[in-house]
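Since every read-out is calculated from the coordinates, none of them should be taken as a lab result. Values in this document were obtained by computation on a predicted structure and should not be read as measured data. Heads up, the Cβs are rebuilt from the backbone with ideal geometry, glycines too, and the neighbour counts pull from every protein chain shown.
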Amino acid sequence: MLRYLVTLQATDREGLVEQIAHAVSHHGGNWLDSELRHIDGIFAAILLLEVPSAHWDELIETLESLEGVALTFAKTKKIADKVTHLSYSLVAYDRPGLVHEISNKISALGINIEHMSTRYESASHTGIALFRAEFNVGLKDASHEDKLTEALHAIGDDVVLDNLTA
């Protein structure tokens with residue numbers, strides 16, 4: 001079995017996930033991990049699949065034949081590393097460049113962003129534009145946790161940061 005990271009994008013429609021899941025299953029694949037999103041009428045998916053090498057080309061042909069689907073893929077391998085994983089929630093007033101500020105602070109500490117989900121919303125009582133992010137990071141040096149918290153709070157007085165790691 002080989003591991004592949006597959007990205008798919010198409011105009012969203014009912015039954016698309018079932019079609020993809022059927023193709024993976026039909027070709028002997030195992031759906032290991034995924035992120036599926038509907039954003040402004042577009043369906044986007046990131047899938048980690050394990051597929052028998054003899055069926056990989058057939059699976060790709062099947063997925064490419066789905067109406068309107070664009071895809072990319074890359075062969076992966078599971079890497080065992082010694083990393084401390086932390087999860088955070090951050091809320092701040094929305095403003096241009098905020099994702100850049102956050103990613104810059106994290107990168108400057110040599111920390112890897114493993115997952116990030118962001119959204120724009122309005123505060124329920126005031127209507128103020130808010131930016132909300134949930135993200136997971138991998139620290140090679142656990143002592144950087146306090147430095148990360150300080151760096152993210154330094155973005156502004158409006159930043160509310162919660163460590164969700166239990």
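How far is helix 16-26 tilted, in degrees, relative to the longest principal axis of the Cα atoms in the chain, given as a value from 0 to 90 rounded to the nearest 10? Tilt relative to the chain: about 50 degrees.
The lysine pair tally for the chain, using Cα distances under 19 Å and a gap of 8 or more places or different chains, is 4. With a simple spin-label model that places each label point 7 Å from the Cα along the Cα-to-Cβ direction, the separation between Ser65 and Ser103 comes to 3.7 nm. Dividing the summed -39500 (n - 2.57) terms of all DSSP H runs of n ≥ 4 by the residue count of the chain sets its mean residue ellipticity at 222 nm at -7500 deg cm²/dmol. Amide H contacts for Leu32 (H built 1.01 Å from N in the peptide plane; partners 5 or more residues away or on another chain; cut-off under 5 Å): Leu48, Leu49, Glu50.
Between Asp157 and His85, the FRET efficiency estimated from the beta carbon spacing at R0 = 30 angstrom works out to 0.60.
Considering only alpha-carbon pairs that sit under 8 angstrom and 6 or more positions apart, the relative contact order computed for the range 1-120 is 31 percent.
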